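Novice: Got a structure for you, written out below as structure tokens; questions coming shortly.
The values are calculated or read from the model by the stated rules, or taken from the named source; none is laboratory data. Owing to the predicted nature of the structure, the values given are computational and were not obtained by experimental measurement. Glycine gets a Cβ as well: all are built from the backbone with ideal geometry, and neighbour counts include every protein chain shown. Accessible surface is based on the protein model in full, side chains and every heavy atom, while ligands, DNA and RNA are left aside. Shrake-Rupley method; radii C 1.70, N 1.55, O 1.52, S 1.80 Å.
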Amino acid sequence: MDKILTCSLNENFIKNLADFIERDFLDNNADISRLAIVFEGKRPALFLKKVLSKRIGKSFFSPTFFSIDEFIQYTLSKKTHFTKMANLESWHTIYTLARKIAPEVVRGREQFSQFLPWAREISNFVDLLDLEDIQPDSLKNIQASASIGYEIPESINVLLKNIIIMRDAYHELLSKNKSFSRGFIYLSTARAIQEVSFDEFDKVIFSSFFYMYKTEQRIIKHLYDIDKAILFFQGDENRWPILKNTARYFSCSIRPEKKKENNYSLNLYAAFDRHSQVSTARTILEKINKLDSTVIILPDPDSMIPLLSEIGSSAGEFNVSLGYPLKRSLLYSLFEIIVRAQKTRKGREYYTKDYIAALSQPLIKNLKVLSDYSATRVLVHKIEEALLGMENTPISGNLFLKLEDVENDDTLFQLAIETLEHMDIKASVPEMKSVLKQLHLVLFTLWQDITSFHDFALSLETFLDTLVRKSLVGSYPMNLKIMEKLYEIRDELENISFSREDFAKEDIFKIFQEMLENEIISFSGSPLKGLQILGMFETRSLNFENVIIMDGNESQLPKLHIHQPLIPHDIIVSLGLDTIEKEEEIQHYLFERIISLAENVHLIYEENSQKERSRFIEEIIWQRQKKKKAFAIEPIPQVSFSTEVLVTKREIRKTTEMVEFLRRQPYSATRIDTYLRCPLQFYYKYVLGFEEKEKLSEDIEGKEVGIFVHQLLKDLFARFINRKPEINQEFCAKFPEILAEKFETFFSKKKRPDLFMLEKVLYYRLNRFLAFEQASEERRVKKILYLEKRFEEQIKLSGATFDFTYTVDRVDEREDGSVLILDYKTGSDALRPQQTSKLEGMEFKRESIRNHIKSFQLPLYYYFEKKKYQEETLNAALYNLRSLKLSYLYNKKGNEEKLMPICLKALDFILHEIIDPEKTFIADPANERNCKHCPFFYLCR
Ligand code: SF4
């Protein structure tokens, strides 16, 4: 029986291996359950099993399958008892040894959390020395040179001078604790292999191996020498230096018998960004019938989510198997928020911005604490609204807050309960309080008083248990994998030897975050059905008819880990550990292997100023050019999207319930004006009740200044109700004091250093306003009738009655006996109807009414106030506090008699259009400025 078998890259490896097993074992009635089959990874075993069971056609005792890691651990466990060491334990062991053996290395990084990046590097280096079985003699040279001094920081020279002693002490500790690192498992197995027997197996078939560590070679070579191992390679040693080395080591030749030309059809696509890459992949998939024999390879895991969202609904069954960085997950971002909230808190007070961010995180605000998810969501929204000042409760507007202050704010619970009642959900104050306490527990309380990894592990467990039981985390398989990993990390933290030692809380968080940052989750679906979405390494030993490779750019293909290692590169090279060269060859081999047997190859890359096409793709193109003896190859399609400016005609039909609701709704000038500008905006705002999200900000918005000025003027002039406003010396002398006091109360929660500027500007403007009030002929006021008063009224139009509410800022009786309604304006341009002559030409259509009437505010004030002041001459005006200009509803006495009927007719038209079941709420993008500031812009487009 051959001990070395080789097939070429364009042969189906799994089929060839199955042929070999059939020919040399099954056909000879050998018991294949006495075979061990070792692959580099786990997935190929599933494919081989499927092929074997098809060929055997009945139930059978399967060979034993191993990945190489499993096989090495299995082998060592025959010799000694051990557990696999957790990374954190290994880093801490390195830290402890460095402090003892070479304290200079730790100088300036005395805390474990500070030394962690170094510990990780040193541990990786020692692991590599072990995997590659680097002998102490080779290290002695390094030590000797380090004593003279490499041109590197002295602390690294110190580390290198002590590397042998550090490595030995590390091994001694691992052996003593029976807790082994990966490198030490391989090294110990290589050292012990001669003493291990494999009587349970007739043969061990090492399948499709490419690069082998020195320890792997030693282990496999021993089994090969005692006739236990069969090595089945794919590829030609003349093409791949790695295979040449292996052939030399095993004194064999690795050359396939059959050689045939690659015959795949090559399709190249130049995309311009990730989005266009995934949409290209979708277009390619749409043309493929056999998705079962199709693979999409993602060298960059960041493409996974965009790809799944692009093809998720159209690709039918698919399986994802690739290493995905945990730090890209929703759970990681939740931990980031939790840690940030702990970092920014002052004593027991949390920074409101972080508090809101934590509560609003999707996994949290959808926790099912009561029987309905909505209870948590509504409560979180109410808290958010209160903190942003949209609802007025004891916690409103605070920049820092205590958890108990929120828990004791019953107004919040009442607000939430009222909203829930509208949704037919019953909840009580104690129940809502329990929801909030649960949220506070998982987001804040659990993490407040941690002093050890043991404490942290307990908190993490409670946190994860709560998410598993009460959140939607389980609805997504991807999250489940991440949860599984987090539970593993919890166990790791609980079981590390220093679990109960005291650590600063910040250090615990830092170490935990570092652990998560480097964690890769492997998604491994069932690979036997549907489209496969794989990382490059997950394709090992597999073949597909259609191969789509995305991210065909340098930096991803190959993806080389060129970081700044602690150990200088020339030292790594002198030890024969140059991983970069090997990594490139391994990835090149995987790339060439997967495309060689395919029928259709689709390579997608990005073409833009920041990205270069992969060297692997360049090579293919070059080979094709050579073959054709021409520089021209088939044109590469440039991916492009045709973009059309959407002529937005979004519209919403009215339901009967909507019409009923619209009839009963109270209206206001603002609502009517909103409808005038855009019916769809009116629908979002007043029918669906969507609100513009306020931002918690230390900045001061114009709206807030407006509210402040209105409140201040109300308070200042309240003393003059029913009498003449005397703006005399005494009043003017008191004004700065009143302004300062009110300013301090209103803006105290905004801790901005430049607040005094705003106060100065307001003082200047309002002083001018008071002077104008005192001196202007236009402002001869006999008495102030009322200030900031809200009214509820009704208006009957064409047989229908509509409820209205309105609030007037101020109504004056002037010295000439007339009455003037005033509406203060602090900012934007004020809108009032055009004069009668122009209104007379107005069409009764919403657009025309919008352009002529502009705003119903003054006509409505006039209409309602006229009922009270029937005998008096009445007018209404917008009073601009900046320009001190008054814009009157009508300019000439008598004009109102013509103007008001037109305005009322227009109002009648608009209100009846609003309740007309046949009229849709249509988007009106005519006013660009309105759309630009529209909070529903993205809903509408
Ligand atoms: S974006 Fe423009 S058209 Fe769309 S709802 Fe808002 S205002 Fe109307």
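Novice: Can you tell me which residues in the range 918-932 are open to solvent by 80 Å² or more (accessible area, probe 1.4 Å) and within 15 Å of F682 (Cβ to Cβ)? Even if it seems obvious, please write down each step before you answer.
Specialist: If we filter the range 918-932 for residues that are open to solvent by 80 Å² or more (accessible area, probe 1.4 Å), which is where we start, we get 918-919, 928-929, 932.
Once the filter is applied, which keeps residues that are open to solvent by 80 Å² or more (accessible area, probe 1.4 Å) and within 15 Å of F682 (Cβ to Cβ), the range 918-932 yields only K919.
Novice: Something else: Kindly provide the set of residues from the range 863-883 that are under 30 Å from L762 (Cβ atoms) and touching a residue at least 40 places away in the same chain (Cβ under 8 Å), ordered by number. Working first, answer last.
Specialist: Keep residues of the range 863-883 that are under 30 Å from L762 (Cβ atoms), which gives 865, 875-883.
Selection gives E865, N875, A876, A877, L878, Y879, N880, L881, R882.
Novice: If I ask for residues that are open to solvent by less than 20 Å² (accessible area, probe 1.4 Å) and within 17 Å of E519 (Cβ to Cβ), which ones from the range 302-320 would you list? Show your work before the answer.
Specialist: Just the residues of the range 302-320 that are open to solvent by less than 20 Å² (accessible area, probe 1.4 Å), to begin with: 303-304, 307, 311, 315.
Passing the criteria: only M304.
Novice: Just give me the residues in the range 790-830 being among the basic types (K, R) and open to solvent by 80 Å² or more (accessible area, probe 1.4 Å), in sequence order.
Specialist: So the first thing to find is which residues in the range 790-830 are among the basic types (K, R), and the list is 790, 796, 810, 814, 825.
Answer for the range 790-830, where residues must be among the basic types (K, R) and open to solvent by 80 Å² or more (accessible area, probe 1.4 Å): R790, K796.
Novice: Could you tell me which numbered condition F60 fails, if it satisfies all but one of (1) over 38 Å from the mean Cα position of the chain (by Cα); (2) surrounded by fewer than 20 Cβ atoms within 10 Å (Cβ to Cβ); (3) in a helix (DSSP H, G or I)?
Specialist: (3)
Novice: For the condition outside the structural domain of I305 (by TED's automatic domain parsing) and not in a helix (DSSP H, G or I), what is the one hit in D502, D491? Full working, then the answer.
Specialist: On the way: D491 fails: not in a helix (DSSP H, G or I).
None of the others qualify; the one that does is D502.
Novice: In addition: If Y324 satisfies all but one of (1) at pLDDT below 90; (2) open to solvent by 30 Å² or more (accessible area, probe 1.4 Å); (3) in contact with a strand residue (DSSP E or B) (Cβ under 8 Å, 6 or more places away or on another chain), what's the number of the condition it fails?
Specialist: (2)
Novice: Let me ask something additional. Considering only the range 223-240, I want to know if a residue exists there that is part of a helix (DSSP H, G or I) and in contact (Cβ under 8 Å) with a residue 12 or more places away in the chain. Please lay out each step first, then the result.
Specialist: The initial filter retains those residues of the range 223-240 that are part of a helix (DSSP H, G or I), namely 223-225.
Filter once more, so that each one left must be in contact (Cβ under 8 Å) with a residue 12 or more places away in the chain: 223-224.
Yes, the range 223-240 contains at least one residue that is part of a helix (DSSP H, G or I) and in contact (Cβ under 8 Å) with a residue 12 or more places away in the chain.
Novice: What number goes with the only condition from (1) surrounded by 15 or more Cβ atoms within 10 Å (Cβ to Cβ); (2) outside any helix (DSSP H, G or I) that T80 does not pass?
Specialist: Only one criterion is unmet by T80, namely (1).
Novice: So, in the range 354-368, of the ones that are crowded, with 18+ Cβ neighbours inside 10 Å and not aliphatic (A, V, I, L, M), which residue ends up farthest from T466 (Cα to Cα)?
Specialist: D354
Novice: Right, something else. More than 26 Å from V204 (Cβ to Cβ), part of a helix (DSSP H, G or I) and modelled with pLDDT under 90, is that true of I94?
Specialist: The answer is no for I94.
Novice: Same structure, new question: Would you pick out the residues in the range 911-941 that are away from the ligand (no atom under 16 Å from the Cβ) and either closer than 24 Å to A877 by Cβ or not in a helix (DSSP H, G or I) (or both)?
Specialist: Scanning the range 911-941 gives D916, P917, E918.
Novice: Have a look at P859, P833 and point out the one that is assigned to a helix (DSSP H, G or I) and open to solvent by less than 20 Å² (accessible area, probe 1.4 Å).
Specialist: On the way: P833 fails: assigned to a helix (DSSP H, G or I).
Every option except P859 fails the conditions.
Novice: Let me ask something additional. Could you please let me know if S374 is touching a helix residue (DSSP H, G or I) at 6+ places or on another chain (Cβ under 8 Å), modelled with pLDDT under 85, assigned to a helix (DSSP H, G or I) and surrounded by fewer than 20 Cβ atoms within 10 Å (Cβ to Cβ)?
Specialist: On the way: touching a helix residue (DSSP H, G or I) at 6+ places or on another chain (Cβ under 8 Å): yes; modelled with pLDDT under 85: yes; assigned to a helix (DSSP H, G or I): yes; surrounded by fewer than 20 Cβ atoms within 10 Å (Cβ to Cβ): yes.
So S374 passes the test.
Novice: Here is a further query. From the list N891, N875, N880, which residue is open to solvent by 70 Å² or more (accessible area, probe 1.4 Å) and more than 16 Å from the ligand (Cβ to nearest atom)?
Specialist: Working: N875 fails: open to solvent by 70 Å² or more (accessible area, probe 1.4 Å); N880 fails: open to solvent by 70 Å² or more (accessible area, probe 1.4 Å).
The unique qualifying residue is N891.
Novice: Given the conditions (1) open to solvent by 10 Å² or more (accessible area, probe 1.4 Å); (2) part of a helix (DSSP H, G or I), which single one is not true for N392?
Specialist: (2)
Novice: Of the conditions (1) touching a helix residue (DSSP H, G or I) at 6+ places or on another chain (Cβ under 9 Å); (2) part of a helix (DSSP H, G or I), K244 fails just one. Which one is it?
Specialist: In the conditions (1) touching a helix residue (DSSP H, G or I) at 6+ places or on another chain (Cβ under 9 Å); (2) part of a helix (DSSP H, G or I), K244 misses (1) alone.
Novice: If you go through the range 176-183 one residue at a time, do you hit one that is open to solvent by less than 10 Å² (accessible area, probe 1.4 Å), in contact with an Asp or Glu (Cβ under 6 Å, 6 or more places away or on another chain) and part of a helix (DSSP H, G or I)?
Specialist: Yes, the conditions are met somewhere in the range 176-183.
Novice: Here's a check for you: in the range 598-652, which residue that is within 16 Å of the ligand (Cβ to nearest atom) and modelled with pLDDT of 65 or more is surrounded by the fewest Cβ atoms within 10 Å (Cβ to Cβ)?
Specialist: Here is the first cut: in the range 598-652, the residues within 16 Å of the ligand (Cβ to nearest atom) are 645-652.
Now drop any that are not modelled with pLDDT of 65 or more, which leaves 650-652.
Values: R650: 15, E651: 13, I652: 16.
My answer is E651.
Novice: Here's something else I'd like to know. Among the residues of the range 395-433, write down those that are of a type in the set (V, I, T), without any contact (Cβ under 8 Å) to a residue 24 or more places away in the chain and part of a loop (DSSP other than H, G, I, E, B).
Specialist: Filtering the range 395-433 for residues of a type in the set (V, I, T) gives 395, 406, 411, 417, 419, 425, 429.
So of that shortlist, the ones also without any contact (Cβ under 8 Å) to a residue 24 or more places away in the chain come out as 395, 417, 429.
The one that is of a type in the set (V, I, T), without any contact (Cβ under 8 Å) to a residue 24 or more places away in the chain and part of a loop (DSSP other than H, G, I, E, B): I395.
Novice: What number of residues within the range 453-471 are small (G, A, S) and modelled with pLDDT under 95? Let's see the steps before the verdict.
Specialist: Narrowing the range 453-471 to residues small (G, A, S): 457, 459, 471.
Filter once more, keeping what is modelled with pLDDT under 95: 471.
Number satisfying all stated conditions: 1.
Novice: Which of the helices (runs of 4 or more DSSP H) found entirely inside the range 99-169 contain at least 1 residues meeting this: under 36 Å from the mean Cα position of the chain (by Cα) and not β-branched (V, I, T)? It would help to see each step written out before you state the result.
Specialist: Working: elements: 103-106, 112-131, 136-148, 154-161.
The helices (runs of 4 or more DSSP H) meeting that bar are 112-131.
Novice: Which one is most open to solvent (accessible area, probe 1.4 Å) among residues in the range 546-595 that are small (G, A, S) and outside any helix (DSSP H, G or I)? Steps first, answer last, please.
Specialist: Step one: of the range 546-595, the residues small (G, A, S) are 552, 555, 574, 576.
Then keep just the ones that are outside any helix (DSSP H, G or I); that gives 552, 555, 576.
Working: G552: 1, S555: 79, G576: 45 Å².
So the residue we want is S555.
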